[in-house]
Structures are given as structure tokens and as C-alpha cells.
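Asks: One structure is given below, represented as C-alpha cells, and several questions about it will come after.
Derivation of every value follows stated rules applied to the coordinates shown; laboratory data play no part. Please read all numbers here as calculations on a predicted model, not as lab measurements. So basically every Cβ, Gly included, is an ideal-geometry build from the backbone, and we count neighbours across all protein chains shown.
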Amino acid sequence: MKILVIGSGGREHALVWKINQSPLVRKIYCAPGNAGTSEIAENISIESTDIKSLADFARENSVDLTVVGPELPLTLGIVNEFERQGLRIFGPTKEASEIEGSKVFAKDIMKKYGIPTAQYEYFDSPDKVKDYILQQAQDYTPLVIKADGLAAGKGVIICHTRDEVIRAVDSIMVQRVFGSAGEKVIIEEYLRGEEVSFMAFSDGEDIVPLATTQDHKQIYDDDRGPNTGGMGAYSPAPIITETLNRYIIETIMKPLVLGMKKEGRCYKGILYAGLIIVNGKPFVLEFNCRFGDPEIQPILVRMKNDIVSIMMSAVEGRLKGEEIQWYNEASVCVVMAAEGYPDIYERGKEIKGLDEAKKIENLVIFHAGTDKKNSRVITNGGRVLGVTSLGADIKDAIERAYRGVKTISWEGVYYRNDIGRKAFSRLKP
Ligand code: AMP
Ligand code: GLY
């Protein structure tokens with residue numbers, strides 16, 4: 001088979017790496033890819049949102065399966081266009097991707113199908129929000145304000161006072177700092193708990209869950225500072241017990257997939273639930289229509305199955321009865337980022353120590369924002385590498401991942417020092 005992977009992050013390098021292990025595959029393309037994907041796949045310089053050129057490429061090169069990494073091409077309708085042209089593609093349609101593309105749509109569908117989520121109201125004008133706020137008690141617990149559409153993970157503001165709510169609404173709805181995502185806002189009850197990411201393959205009817213994982217969203221150690229795309233992840237996540245795992249599948253993942261089918265928005269691809277566990281009970285903070293990044297990196301190094309075969313089953317509606325086998329070892333991915341991320345950062349710094357780090361056993365270095373210049377690897381993004389290890393247990397995996405991290409350097413490198421510590425402390429007697 002010939003496979004085309006769309007995207008250029010750590011998620012896409014991890015997918016290319018895993019797809020390359022499939023006996024079904026003889027050629028992989030990645031559009032546009034990064035320095036890491038270029039070592040396994042042929043990078044094609046087409047942007048991930050240029051749907052027409054991607055479809056032309058897939059047709060002209062007889063690609064058997066296209067795998068979409070990021071959300072934007074999905075919400076723009078890449079799956080609809082490929083299917084219209086009879087091209088096989090893994091991912092949800094534009095209508096199904098609205099589960100990530102519109103928070104209002106996601107909240108309404110959760111409410112309709114009884115999926116646990118925070119209480120909410122939504123508003124289409126700043127004046128209505130102000131009226132609502134004035135009716136609330138003065139000393140409330142925090143409120144969460146969310147812009148309606150895609151906002152690169154930044155459209156959520158947690159407010160502690162009325163003034164903060166009014167300022168947040170002003171920046172989202174009046175100044176339009178997130179563009180058209182600010183046409184509507186959601187005001188949501190604040191939930192206090194621990195966040196986890198839960199993913200499953202879906203064929204529109206049946207689901208096959210992935211291993212459990214936990215991301216580290218904030219930029220600084222001990223979950224301080226602003227949110228990022230994710231600074232590291234590990235698998236399995238001991239906070240998800242067997243019982244909780246079953247509960248999440250039965251009360252969140254299956255009802256959502258069946259609900260989407262009833263709505264005429266058949267959901268095929270990866271369904272990602274961003275959950276918060278409050279006193280042992282899971283609530284959905286958001287759904288995403290794709291693999292989590294970095295979460296998929298530690299997950300894929302634990303996966304025994306051929307991922308291409310599972311993706312084909314999802315596309316063709318044959319997931320029933322399928323199961324994924326996992327290595328018992330624990331895995332950890334530490335993201336190495338450019339200083340200044342998630343705000344302003346520099347690119348073009350030469351990365352040193354990659355060959356040395358590659359010699360460490362059970363360590364894979366997934367590239368995210370990297371490029372090649374005169375056969376040297378340079379930084380080309382905020383999140384630069386995902387150093388991913390497999391270890392006998394979480395402690396071993398943490399130690400190995402950081403051994404890799406410390407072997408690699410560039411001017412202005414930044415990473416968190418506490419990835420995986422939460423899991424480790426939970427396992428301690
Ligand atoms: P979202 O994009 O909706 O997942 O929100 C981004 C981040 O904001 C989440 O990962 C949480 O850290 C935080 N957040 C969102 N909604 C809530 C909520 N209702 N209560 C507490 N924190 C929240
Ligand atoms: N790591 C969070 C996400 O992929 O949305």
C-alpha cells in the first residue's frame with residue numbers, strides 16, 4: 001500500500017514511524033512533513049490545508065490510504081472531498097469534525113445524549129453576557145469563558161471576577177482576538193480535578209479504545225503558566241482504573257459515536273475526549289476530532305498491532321471485535337520546545353546531539369518543528385522534538401527519556417522537568 005500522512009508535527013512523525021512498521025505498506029508520503037518524517041517517508045511540499053492539491057497528489061500517485069493529522073483540514077472538509085473523488089481517507093467528515101470545530105455544537109450534543117460535562121450557557125452578544133453576569137452572585141467560584149470555534153488551544157479563559165469575565169468577553173467578541181471563533185461564547189461552570197486524554201478509533205458505530213494517557217498542558221513545572229499544545233505525556237495513566245476506563249467507554253465514547261450517527265454525522269476516525277476527573281467521575285471538557293499531540297507519541301511506542309490494518313477497519317466499518325494489544329512497559333514523551341513558546345520564539349537553531357541520543361536503547365526521537373538545512377537539523381517551530389522512551393515502569397521510562405533530552409541541545413532549548421511525575425507519585429505505596 002501507499003500511504004499519505006498529512007501534517008508536520010510530532011504526531012505525524014509518530015504516525016509515519018508506526019505506519020512504516022506495517023507489512024502492508026511499501027511507500028509513505030508526508031505532506032508537508034518535517035526533518036524526522038523525511039528519514040522514513042518522502043516529504044511532499046503541499047500545505048495540510050491545500051485540499052485540492054492533496055487530492056490531486058493522492059490520485060496521481062495512486063495513494064491507497066490518506067491519514068489526516070491536524071484538525072484544520074478535517075474541519076475544512078478534506079474527508080468529504082477525498083470521498084467525493086473515491087479516495088480512501090482516515091478521519092471524520094466536515095460535519096462530524098464539528099465536534100471539535102464548534103464548542104456550542106459539542107456542548108449541545110453532549111447535553112442531548114446525556115454525556116457528563118460542565119453546566120453551560122451560550123451567548124451571541126457581549127451585552128447578553130453582561131446582563132447574565134450581573135444576575136450572578138458576586139462571589140462565585142471561577143467561570144470559564146470559551147470562544148466557539150478553533151482558536152489553537154487558546155480560546156479558553158478562566159475568570160475569577162466579574163471584571164475578568166467582561167474583559168474576556170470584550171477581547172473575544174468585540175476585539176475578535178480569535179477571529180470568527182468569537183461570534184459566540186460559552187460560559188461554563190469551573191470544574192476542579194485532574195485532566196486526562198482518552199482516545200478511541202471509531203468506524204461510525206463501534207469503537208476501539210487506545211491506551212490511557214495524560215498530557216501536561218501548562219508550560220512550566222507543576223502545571224504552572226499558560227496552556228500550550230502539550231509539553232509531554234505518558235502512558236498508561238494510572239488515574240484511569242479498569243472500572244473508570246469501562247465507565248468512560250460506556251457513558252462518554254459510545255454514546256457520542258451513536259449520537260453522531262443519529263444526527264446524520266457518522267463519526268469515523270479518532271475520537272479524542274479531553275476529560276477532567278472530579279472526585280473519581282469523568283466530565284468532558286472538549287472533544288477533538290484527531291489524535292492528541294503529544295499523547296499519541298507515548299501511545300504508539302506501546303502499541304503491538306499494525307495501525308494500518310486498524311485504520312482500514314475503521315474506514316470500512318469493520319471495527320467490531322477488534323482489540324489493540326499493548327506492551328506492558330510504560331512510556332514517556334518529553335517535549336523539547338523553543339524558549340518563548342507558546343508565545344514568541346526563534347527558529348533556525350542547529351540541533352546538536354541527535355545521533356548520540358539515537359543510540360540510547362528504547363528511545364525514539366520524534367520531530368515536530370524541525371527542518372533540514374545543508375544536511376543539518378534546525379529548529380522550525382515552538383514544539384521541536386518529542387523524546388519518547390519505553391521503560392520497565394514509569395520511573396525507568398522517565399529516567400530514559402530525560403537521558404535522551406539531556407543529550408540533545410540547541411541555543412534556547414526549553415523543556416519541563418516533571419513529565420510523568422504525577423503517574424509515578426500515584427503508584428508509590
Ligand atoms: P478546552 O479547549 O475546552 O479543553 O479547554 C482548554 C483548557 O482549559 C482545558 O484543558 C482545561 O485546563 C481548562 N478548562 C476548560 N474548561 C474547563 C472547565 N469547565 N473547568 C476547569 N477548567 C477548564
Ligand atoms: N495535547 C492536546 C491536544 O492534542 O489537543
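Asks: Restricting to the stretch 330-368, count the residues that are farther than 15 Å from R400 by Cα and among the small types (G, A, S).
Replies: 6
Rundown of residues vs (1) more than 21 Å from L4 (Cα to Cα); (2) small (G, A, S); (3) surrounded by fewer than 16 Cβ atoms within 10 Å (Cβ to Cβ), yes/no style:
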site	(1), (2), (3)
L76	no, no, no
K107	yes, no, no
Y120	yes, no, no
E164	yes, no, yes
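Asks: Just name the residue that is farthest from ligand 1 (Cβ to nearest atom) out of those in the stretch 292-311 that are in a loop (DSSP other than H, G, I, E, B) and within 11 Å of A14 (Cα to Cα).
Replies: Step one: of the stretch 292-311, the residues in a loop (DSSP other than H, G, I, E, B) are 292-295, 301-302, 304-306.
Among the residues that remain, those that are also within 11 Å of A14 (Cα to Cα) are: 293-295, 301.
Details: D293: 14, P294: 14, E295: 12, V301: 24 Å.
Applying the filter and picking the extreme gives V301.
Asks: Here are the criteria: (1) away from ligand 1 (no atom under 16 Å from the Cβ); (2) assigned to a loop (DSSP other than H, G, I, E, B); (3) touching a residue at least 40 places away in the same chain (Cβ under 8 Å). Tell me which single one G230 does not satisfy.
Replies: It is condition (1) that G230 fails.
Asks: Can I276 be described as within 16 Å of ligand 1 (Cβ to nearest atom), within 17 Å of the chain's Cα centre (by Cα) and either more than 15 Å from A106 (Cα to Cα) or crowded, with 24+ Cβ neighbours inside 10 Å (or both)?
Replies: Working: within 16 Å of ligand 1 (Cβ to nearest atom): yes; within 17 Å of the chain's Cα centre (by Cα): yes; either more than 15 Å from A106 (Cα to Cα) or crowded, with 24+ Cβ neighbours inside 10 Å (or both): yes.
For I276, the condition - within 16 Å of ligand 1 (Cβ to nearest atom), within 17 Å of the chain's Cα centre (by Cα) and either more than 15 Å from A106 (Cα to Cα) or crowded, with 24+ Cβ neighbours inside 10 Å (or both) - is met.
Asks: Tell me the residue from I207, I219, I186 that is away from ligand 2 (no atom under 16 Å from the Cβ) and either of a type in the set (K, R) or farther than 23 Å from Y120 by Cβ (or both), please. Show your work before the answer.
Replies: Details: I219 fails: away from ligand 2 (no atom under 16 Å from the Cβ); I186 fails: either of a type in the set (K, R) or farther than 23 Å from Y120 by Cβ (or both).
Result of the check over I207, I219, I186: I207.
Asks: What strands (runs of 3 or more DSSP E) completely inside the stretch 339-410 contain at least 1 residues that are touching a Pro at 6+ places or on another chain (Cβ under 7 Å) and surrounded by 20 or more Cβ atoms within 10 Å (Cβ to Cβ)?
Replies: Working: elements: 363-367, 370-373, 376-379, 383-391.
Qualifying strands (runs of 3 or more DSSP E): 383-391.
Asks: Filter the stretch 45-74 for residues that are in contact (Cβ under 8 Å) with a residue 40 or more places away in the chain and farther than 23 Å from I310 by Cβ; which is surrounded by the most Cβ atoms within 10 Å (Cβ to Cβ)? Before the answer, list the steps.
Replies: First, pick out the residues of the stretch 45-74 that are in contact (Cβ under 8 Å) with a residue 40 or more places away in the chain: 48, 54, 57-58, 61-74.
Now narrow it down to the ones that are farther than 23 Å from I310 by Cβ: 57, 61, 72.
Working: F57: 17, N61: 14, L72: 19.
My answer is L72.
Asks: Just give me the residues in the stretch 180-210 being assigned to a loop (DSSP other than H, G, I, E, B), over 16 Å from the mean Cα position of the chain (by Cα) and of a type in the set (A, V, I, L, M), in sequence order.
Replies: Going residue by residue through the stretch 180-210, those that are assigned to a loop (DSSP other than H, G, I, E, B) are 183-184, 190-193, 204-206, 210.
Now restrict to residues that are over 16 Å from the mean Cα position of the chain (by Cα): 183-184, 190-193, 204-206.
Passing the criteria: only L191.
Asks: Working only within the stretch 227-246, note down all residues that are surrounded by fewer than 19 Cβ atoms within 10 Å (Cβ to Cβ) and within 14 Å of ligand 2 (Cβ to nearest atom).
Replies: If the condition is that a residue be surrounded by fewer than 19 Cβ atoms within 10 Å (Cβ to Cβ) and within 14 Å of ligand 2 (Cβ to nearest atom), then N227 is the only one that fits.
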